[in-house]
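Structure first, then comments.
The values are calculated or read from the model by the stated rules, or taken from the named source; none is laboratory data. This structure is a prediction, so every number in the text was calculated from the model and none was measured. Cβ placement follows ideal geometry from the backbone for every residue including glycine, while neighbour counts extend to all protein chains displayed. Ligands, DNA and RNA are stripped out before the accessible areas are found, and what is left, the full protein with its side chains, is counted by its heavy atoms. Shrake-Rupley method; radii C 1.70, N 1.55, O 1.52, S 1.80 Å.
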Amino acid sequence: MNDRASIDIALLFAARIVRLFAYGFLSVVLVLYLAEIGMPAGQIGLLLSLTLLGDAAISLWLTTSADRLGRRRMLLLGAALMAGAGVAFVITRNPLLLLVAAIVGVISPSGNEIGPFLSIEQASLTQLVTDRQRTRVFAWYNLAGSFATALGALCAGLLAQWLQNSGWLPVDAYRTVIVLYAGIGGMLLVLFLLLSSAIEVEPLAAATEPRLLGLHKSRGVVFQLSALFALDAFAGGFIVQSIMAYWFHVHFGADVELIGAIFFGANLLAGISALLAARIAARFGLINTMVFTHIPSNILLMLVPFMPTLPLAIAVLLLRFSISQMDVPTRQSYTMAVVAPDERSAASGVTSIARSLGAAASPALSGLLLASTLTFSAPFIISGGLKIVYDLLLYRKFRSVKPPEEKLA
């Protein structure tokens, strides 16, 4: 690995850290802010769904064009949309304008990665490292993101609570967090400007075969993976971090500072679990690691609403997060491994878009469930159950499709 490649890898990691800090920062207060400005639960769920839907549409265009038009250029455009969405959420309370900003901009209600960044960065990192290094680099990449999300959630909770203790109205405290989110989008622009041409696809690698969504010979595999990932994301959309924060606030009366601390611990554990995934995958394989660590985490998720006290609910949630993210770097590494180099941005983009589309409908459904005391905790059970179905289908379909490093083993 040459010095320029090392610098580009460092910049991509820095962008991941800065961006995920912002996502975690926003996720703690977003639903609380929307509730404070008078938006009902059903409408909040709709806005979150449209946010994911809009991000999916924008990301589909950016990621499937990145290998052809330039990865750095698409990353810069994504950063501008992230900053613009934050500004829009600050300057208006009009529900229609907020919906427009949610659709066009890049806003993360879950605290997780959203937008075109992950797909293009994964393709770039894969180009800069060897097959043997790929899963380990992705594990560290996810660890960095999880730690950043955890720190962002903690800082948002502490800042919002401190401002309220200092006499600020809750709505003004939450708006301050959103202002800072927009500012971080500006920081991303600077980091992406510093990237070199080493992250771009080699000119000779750009295939001339007919393409659909930037894909050619790997199209079948990518579409099958996309369908399964969409199911997993649809399940996860029922309990995005903003909705989970709202559930803890209403069900147990947890304040915003405690909620921030809960998600700090949860994302910290999630990051560690992602790092452990690389070692487990090296021994048992990527698909096995994805499936057999994901099923127990989803059983734990389904148990959270059955806990009679707040400490027990937090304990089960944290235990769930300690193994919940082992499938993430393995899933990302597997997708990059089974496609051609000039399809990587598109493959990651299409699978990510499928996840975004899958996740788009469920927050609206979750909002309806949260509006009734009879179904208030149902999102946890529905989410965990559907995720287990995804795990079983993935194992059945792809257990025999090996990445290059496992074929050589």
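Would you pick out the residues in segment 373-406 that are open to solvent by less than 40 Å² (accessible area, probe 1.4 Å) and polar (S, T, N, Q)?
Ser377, Ser383
Restricting attention to segment 350-369, and to residues there that are farther than 23 Å from Pro116 by Cα and open to solvent by less than 20 Å² (accessible area, probe 1.4 Å), which single residue is modelled with the lowest pLDDT?
Top of the filtered list is Gly367.
Of the residues in segment 143-163, how many are farther than 30 Å from Leu275 by Cβ and touching a residue at least 60 places away in the same chain (Cβ under 8 Å)?
The total comes to 1.
Which of the residues spanning segment 207-232 are within 30 Å of Leu32 (Cβ to Cβ) and either open to solvent by less than 10 Å² (accessible area, probe 1.4 Å) or modelled with pLDDT under 85 (or both)?
Hits for segment 207-232 are Phe229, Asp232.
Could you pull out every one of the helices (runs of 4 or more DSSP H) wholly within segment 72-182 that has 1 or more residues that are under 21 Å from Leu268 (Cα atoms) and open to solvent by less than 50 Å² (accessible area, probe 1.4 Å)?
Answer list for segment 72-182: 117-128, 131-165.
Restricting to segment 55-71, name every residue that is under 30 Å from Pro95 (Cβ atoms) and in contact with a Ser or Thr (Cβ under 9 Å, 6 or more places away or on another chain).
Asp55, Ala56, Ala57, Ser59, Leu60, Leu62, Thr63
Can you find a residue that is among the hydroxyl-bearing types (Ser, Thr, Tyr) and either in a helix (DSSP H, G or I) or under 21 Å from the mean Cα position of the chain (by Cα) (or both) anywhere in segment 243-264? Show your work before the answer.
Taking segment 243-264 and keeping what is among the hydroxyl-bearing types (Ser, Thr, Tyr), we get 246.
Filter once more, keeping what is either in a helix (DSSP H, G or I) or under 21 Å from the mean Cα position of the chain (by Cα) (or both): 246.
Scanning segment 243-264, I find at least one residue that is among the hydroxyl-bearing types (Ser, Thr, Tyr) and either in a helix (DSSP H, G or I) or under 21 Å from the mean Cα position of the chain (by Cα) (or both), so the answer is yes.
Hey, any hits in segment 303-313 for a residue that's under 20 Å from Tyr395 (Cβ atoms) and at pLDDT 85 or above?
No, because not a single residue in segment 303-313 is under 20 Å from Tyr395 (Cβ atoms) and at pLDDT 85 or above.
Return a yes/no flag: does segment 271-286 have any residue that is free of Cβ contacts under 8 Å to residues at least 24 places away in the same chain, of a type in the set (D, E, K, R) and either out of contact with any Phe, Trp or Tyr (no Cβ under 8 Å at 6 or more places or on another chain) or part of a loop (DSSP other than H, G, I, E, B) (or both).
For segment 271-286, residues free of Cβ contacts under 8 Å to residues at least 24 places away in the same chain, of a type in the set (D, E, K, R) and either out of contact with any Phe, Trp or Tyr (no Cβ under 8 Å at 6 or more places or on another chain) or part of a loop (DSSP other than H, G, I, E, B) (or both): present.
Can you go through Ser6, Ser49 and tell me which one is over 16 Å from Leu98 (Cα atoms), in a helix (DSSP H, G or I), at pLDDT below 90 and polar (S, T, N, Q)?
Ser6
Condition first: assigned to a helix (DSSP H, G or I) and in contact (Cβ under 8 Å) with a residue 12 or more places away in the chain. Now tell me which residues in segment 58-71 satisfy that.
Selection gives Ile58, Ser59, Leu60, Leu62, Thr63, Thr64, Ser65, Ala66, Asp67, Arg68, Arg71.
One line per residue, one yes/no per condition, for (1) surrounded by 17 or more Cβ atoms within 10 Å (Cβ to Cβ); (2) touching a Leu at 6+ places or on another chain (Cβ under 6 Å); (3) more than 12 Å from Pro363 (Cβ to Cβ); (4) in contact (Cβ under 8 Å) with a residue 24 or more places away in the chain:
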site: Arg4; (1), (2), (3), (4): no, no, yes, yes
site: Leu11; (1), (2), (3), (4): yes, yes, yes, yes
site: Ile17; (1), (2), (3), (4): yes, no, yes, yes
site: Ile44; (1), (2), (3), (4): yes, yes, no, yes
site: Leu52; (1), (2), (3), (4): yes, no, no, yes
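All but one of (1) touching a Gly at 6+ places or on another chain (Cβ under 9 Å); (2) over 25 Å from Leu365 (Cβ atoms); (3) open to solvent by less than 20 Å² (accessible area, probe 1.4 Å) hold for Leu318; which doesn't?
Answer for Leu318: the failing condition is (3).
Go over the candidates Phe284, Phe306, Phe292 one by one and state the one that is touching a Ser or Thr at 6+ places or on another chain (Cβ under 9 Å), among the aromatic types (Phe, Trp, Tyr), within 23 Å of Val389 (Cβ to Cβ) and surrounded by fewer than 22 Cβ atoms within 10 Å (Cβ to Cβ).
Phe306
Out of the residues in segment 317-338 that are of a type in the set (Gly, Ala, Ser) and touching a Ser or Thr at 6+ places or on another chain (Cβ under 6 Å), which is farthest from Ser273 (Cα to Cα)?
Narrowing segment 317-338 to residues of a type in the set (Gly, Ala, Ser): 322, 324, 333, 337.
Retained after the next criterion (residues that are touching a Ser or Thr at 6+ places or on another chain (Cβ under 6 Å)): 322, 324, 333.
Numbers: Ser322: 6, Ser324: 7, Ser333: 15 Å.
Restricting to residues being of a type in the set (Gly, Ala, Ser) and touching a Ser or Thr at 6+ places or on another chain (Cβ under 6 Å), the top hit is Ser333.
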